[in-house]
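Before I ask anything, here is the structure I am working with.
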Amino acid sequence: MIASDNSYSRLIMSLKIILPLLALAILSTLFLVSRSLNPAQSIPFAKVDVQELARAQRIGRPAYSGMSKGGSAITVTADDAVPDSGGSQDLTASNLRAVVQSPDGNKTEVTARIARIENSTKTAQLSDGIQISTSTGYTVMTDNALAMLDLSELSTTSTITAHGPLGRLTAGQMVMTQQSGGGGGEGYVLVFKNGVKLVYTPQQ
């Protein structure tokens with residue numbers, strides 16, 4: 001009887017030691033397994049920034065075509081356009097390209113990397129790598145310009161460099177305006193001002 005009591009006591013003592021150790025072993029195993037899981041692998045779209053998607057209200061490749069009052073065909077395209085977050089109708093377009101085909105047969109193309117369009121003033125503030133090309137052979141480059149949305153006028157707000165039939169020209173400002181022709185058609189006139197310098201290149 002005494003021997004069986006001793007065996008029972010030793011069994012109880014052993015269980016008091018073994019069971020807590022077993023519980024610790026199970027818990028540690030659970031923690032190790034949970035650390036080894038990779039949430040990005042279990043969820044294929046884990047890398048998507050949902051907040052960024054909500055903020056990025058973009059218009060992909062917007063395009064506009066129409067006619068001016070004088071009959072010039074106007075086409076405007078861009079890579080994308082982002083409306084202002086303040087609730088206004090203003091927006092910012094990237095890699096804008098505008099083409100104006102006037103009734104007299106002349107063509108003018110304007111490109112800019114950034115164009116901020118303000119509907120309240122019906123203007124577009126162009127910046128970053130502006131280039132204005134005309135079918136008469138002139139190419140004008142500048143950094144900043146202000147254009148009416150109907151492209152009836154465009155004026156640079158920074159110095160310009162131009163290449164054309166007469167040679168290389170630099171000036172503090174260029175103004176391009178639309179003027180009515182004798183037959184009712186419209187053409188564009190380029191006016192250079194503020195320190196105009198022309199390096200004449202004779203035609204070969």
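Would you confirm, using the coordinates I've provided, whether Leu126 is of a type in the set (A, V, I, L, M, F, W, C), in contact with a strand residue (DSSP E or B) (Cβ under 9 Å, 6 or more places away or on another chain) and within 20 Å of Val189 (Cα to Cα)? Outline the logic, then answer.
On the way: of a type in the set (A, V, I, L, M, F, W, C): yes; in contact with a strand residue (DSSP E or B) (Cβ under 9 Å, 6 or more places away or on another chain): yes; within 20 Å of Val189 (Cα to Cα): yes.
So Leu126 passes the test.
Taking segment 103-158, which residues are in contact (Cβ under 8 Å) with a residue 60 or more places away in the chain and outside any strand (DSSP E or B)? Please lay out each step first, then the result.
Restricting attention to segment 103-158, the residues satisfying the condition of being in contact (Cβ under 8 Å) with a residue 60 or more places away in the chain are 103-104, 106, 108, 150-152.
Selection gives Pro103, Asp104, Asn106, Asp150, Leu151, Ser152.
Then there is this: Suppose the filter is in contact with a Lys or Arg (Cβ under 7 Å, 6 or more places away or on another chain) and of a type outside the set (A, V, I, L, M); does Gln125 pass it?
Numbers: in contact with a Lys or Arg (Cβ under 7 Å, 6 or more places away or on another chain): yes; of a type outside the set (A, V, I, L, M): yes.
Judged against the criteria, Gln125 is a match.
Look at segment 64-89 and say how many of its residues are part of a loop (DSSP other than H, G, I, E, B), surrounded by fewer than 16 Cβ atoms within 10 Å (Cβ to Cβ) and in contact with a strand residue (DSSP E or B) (Cβ under 6 Å, 6 or more places away or on another chain).
If we filter segment 64-89 for residues that are part of a loop (DSSP other than H, G, I, E, B), which is where we start, we get 68-72, 78-79, 84-89.
Now restrict to residues that are surrounded by fewer than 16 Cβ atoms within 10 Å (Cβ to Cβ): 69, 71, 79, 84-89.
Now restrict to residues that are in contact with a strand residue (DSSP E or B) (Cβ under 6 Å, 6 or more places away or on another chain): 79.
Going through segment 64-89 one residue at a time, the tally reaches 1.
Matching residues to (1) in contact with a Ser or Thr (Cβ under 7 Å, 6 or more places away or on another chain); (2) more than 17 Å from Lys69 (Cβ to Cβ); (3) of a type outside the set (S, T, N, Q):
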{"residue": "Arg97", "(1), (2), (3)": "yes, yes, yes"}
{"residue": "Glu118", "(1), (2), (3)": "no, yes, yes"}
{"residue": "Gln125", "(1), (2), (3)": "no, yes, no"}
{"residue": "Ile160", "(1), (2), (3)": "yes, yes, yes"}
{"residue": "Leu169", "(1), (2), (3)": "no, yes, yes"}
{"residue": "Thr177", "(1), (2), (3)": "no, no, no"}
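FYI, it's all coordinate maths here, none of it is from the lab. In this text, all values refer to a predicted model and were calculated from it rather than measured experimentally. Neighbour counts are summed over all protein chains in view; Cβ atoms, including those assigned to glycine, are modelled from backbone coordinates with ideal geometry.
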